[in-house]
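Reading through the structure tokens given below for one structure.
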Amino acid sequence: MVDWRGQSRQNALLVYRSFGLVFGALSIAPLYVYKCAFSGGLLHYQTEDAVFGVFSVIFWTITLISLFKYAFIMLSADDNGQGGLIALYALLCRNAKFCLLPNHQAADEEISTYRYPGRSNTNRPTSPLKGFIERHKSAQTCLLLLVLFGASMVICVGILTPAISVFASVEGLKFQAKDLHNSVVVLIACILLVALFVLQHRGIHKLAFIFTPIVILWVLLVAAVGIYNIIKWNPRVYQALSPYYVYIFFKRTGKDGWISLGGILLCITGTESMFADLGHFRATPIRVAFSCVIYPCLILQYMGQAAFLSKNLSALSMSFYASIPVPLLWPVLVVAPLAAIVASQPVISSTFSIVKQLHAIRCFPRVKVVHTKRRIPGQIYIPEINWSLMILSLGVTIGFRDTNCIGNAYGIACLAVTIITTWLTSLGISLVWHKSFMFALLFSVLFGSVEIIYLSSSCMRILKGGWFPPVLSAVFLVVMYVWQYGTRKKYLYDLHNKVSMRHILTLGPSLGIVRVPGIGLIYTELATGVPATFTHFLTNLPAFYQVVVFVCIKTVPVPYVPQKDRYLVGRIGPKSYGMYRCMVRNGYKDVFKNGDDFEIDVVMSIAEFIQMEAEGCGTPEGAVDRRMAVVKTSGKFGTALFMSQTSGPGESSSSSSSTIVSSSKSNTLQNLQATYEQEAPKLNYWRRARFGLMDAKCKDTRVKEQLQELVEAKHAGVAYVIGAAYLKAKWNSSFIKKCTIDVAYSFLRKNCRSPAVALNIPHICLIKVGMNYIV
């Protein structure tokens, strides 16, 4: 009973919060839907039946797409509670061999979040479509391009939503002040847009507590205005809920009615947020909030506007503000810009999220991801994307200066995302949830046909602003594919030029070089073998650290990887070599840890592996080759090690039942390090973690020696070795390949963040190894 009450209280809280963080863009749409719908040839049909027909189409569009498709169906098409295009693509990749990510291993399928309980592919007949895509690399590439194009359109939505929401909300000033010039409205909108994006940098999440009250106030206000207009102007408007009015509308308006669909579709803009933000609120709270509050309030508002317009056809250009009762006009003019800013915020956050996911699957240049709330996963901020969105939103506002033109672009962008979601879901119905092909076809035909009709209408508005999303998406698509192509070529080069493990082992425990105290973390994308970066380093500087760890950070097509499944650790060669391999598996929504946290996890993982190996538990659960075995850590971190925090170098806590391992650095080096950290206090954090051995839990002498060697190496210091790759196409490559690698990819590599920033590596510990890649 107590659990039921606690769950109900939690769901109620999620329902409340979802108003401000999910439904803002959808609830702001009444500002411009009727204006954009009557912007074309439909102006010649200023009759009550035409207005009722537009409202009937709006009602059935919201009901079919927003309510039935998204609220009832799409919210169930989740990936471990996550939604969005990348989630659908990840589901397809896990249930079929569609994924183009490198380093897939059988051990990845043992992750607890990889498959749903009860959903197994065994004893199921192979789908012909699945077999076709798995056999043809070009089909897999086309599927990836489709997902990348949809992601590009999501970014376009992140640009256009602030522009149209803020501009339409400020446009109401022209209704109140008849002589107000449009340039003044544009200026005010630009000021608000700049403030919106500057607040992203300053931490707008701190103001999130006021988002929900603003949206609730706005939704209830427009619903009340709708009820007032229904009662005052035309109570018969309820008759337009009948689909008969849709038939009459298209019969009388013909081609003009079809073209008006490009404006009517704006009533469902923002619907995709329900699915994209699924991971923050769960399906049930979103369904309840939409079905019980948002949906009826929006229908009442659109119905009220229709009732008003049926008796005031001359007010079509400013239908929303003209329908507001005089006593409520100024309150609406004040609340509307606030609601527009709140509506823009979740869309901007969704843009940050999808860029981060694209970067995780190696399809976007490196960016700096800032985790704004450590306790809440998924709350991120990307500076480069924020300022780019601001510049493009300002450019759209200043360039178009008209709600109709921005609306044409906005509608196409949102509709493209909706159509691609429908196609991916149809594939998922057949290949992921193993429903019949007819059921997948029915879903695709039912919703896809409606969306295609809207798309055909929107294409008639290409020259009136609709060109912006396709052109910008094409640019983003080229950037993403070029980066993915170059990254894959680099990986294949590393794979073909890796050093034989047998050759490394013949060098002896010292590897033919001088071994110095410390841990060397060598970053590589290879799951087996030794990267050429390591041998290139030794060729130029024949010395390396006492403990060598080859770190492979890979992305698994799951949203989050549990901590107990994250690290795979194995030994390379005999124990005397002091060489390990550590594979770090992240989901596409995981955020990289800071340097010291990562160091601690790696040391603890290796210590756990050493203990498991001594106990005979080192049976490989993951990928195994002839030279090494990668085992899954058991989650018993720290069974023989304890960790303490010190205020500075060389200081550590003490324990009566433990052995403190001191640093092996000379006094001169320790003094130099202390001086450096005093000059850069923020970097002092990287040296605070100190380890010791628990004597009571470490009885095996050999294990104790290995652990002591590991701890001494950690106290001596950790260095991060990453390759600085310079790609160049072969001399006999095609002209297109040379342009792609030598020009496009090289430009992106030089102008994006360095790998150290993307991986949160402290610069004090960084070693770069330059490598030329001829691909």
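What to note about this one:
- Counting only protein chain heavy atoms and rolling a 1.4 Å probe, the accessible areas of His44, His280 rank, largest first, as His44, His280.
- Loop-located chymotrypsin sites (Phe, Trp or Tyr not before Pro) in the range 707-755, at most 10 other Cβ atoms within 10 Å (DSSP): Trp731
- Sorting Glu705, Glu712 by solvent-accessible area of protein heavy atoms yields Glu705, Glu712, largest first, with a 1.4 Å probe.
- Protein accessible area in the range 311-436, 1.4 Å probe - carbon and sulfur %: 65 percent
- Summing Lys and Arg as +1 and Asp and Glu as -1 over all other residues whose Cβ lies under 15 Å from the Cβ of Ala315 gives a net charge of +3.
- The mean sequence distance of close C-alpha pairs (under 8 Å, at least 6 residues apart), as a share of the length of the range 450-551, puts its relative contact order at 27 percent.
- The portion of the accessible surface of the range 194-306 made up by carbon and sulfur, rounded to a whole percent, is 71 (1.4 Å probe; DNA, RNA and ligands excluded).
- Label sites at Lys137 and Ser183, each approximated as a point 7 angstrom past Cα along Cα to Cβ, lie 5.8 nm apart.
- Remark: the range 1-111 carries 35 Å² of accessible area per residue (probe radius 1.4 Å; ligands, DNA and RNA excluded).
- Taking label positions 7 Å along the Cα-Cβ direction at both Val478 and Cys739, the computed distance is 0.8 nm, reported to one decimal.
- Of the cross-linked pairs Lys97/Lys435; Lys564/Lys589; Lys589/Lys738; Lys130/Lys564; Lys69/Lys311, those separated by over 23 Å at the C-alpha level are Lys589/Lys738; Lys130/Lys564; Lys69/Lys311.
- Rolling a 1.4 Å probe over the heavy atoms of the protein chains gives the range 534-601 an accessible area of 27 Å² per residue.
- For the set Lys464/Lys737; Lys137/Lys498; Lys575/Lys714, the pairs lying more than 28 angstrom apart at their alpha carbons are Lys464/Lys737.
- Residues Trp467 and Lys730, FRET efficiency given R0 of 56 Å [Cβ-Cβ distance, rounded to 0.05]: 0.90
- Sites Ser449 and Ser576 - FRET efficiency at Förster radius 56 Å, r taken between beta-carbons, to 0.05: 0.25
- Approximating the spin labels as points 7 Å out from Cα along Cα→Cβ, the His496-to-His44 distance works out to 6.3 nm.
- Take 545-554, 362-371, 319-328 and order them by the average number of nearby Cβ atoms within 10 Å per residue, most first; the result is 545-554, 362-371, 319-328.
The values are calculated or read from the model by the stated rules, or taken from the named source; none is laboratory data. Just so it is clear, the structure is predicted and the values come from calculations on it, not from any experiment. We place every Cβ from the backbone using ideal geometry, glycine too, and count neighbours over all the protein chains shown. These area figures cover heavy atoms from the full protein model, side chains too; ligands, DNA and RNA do not enter into them. Shrake-Rupley method; radii C 1.70, N 1.55, O 1.52, S 1.80 Å.
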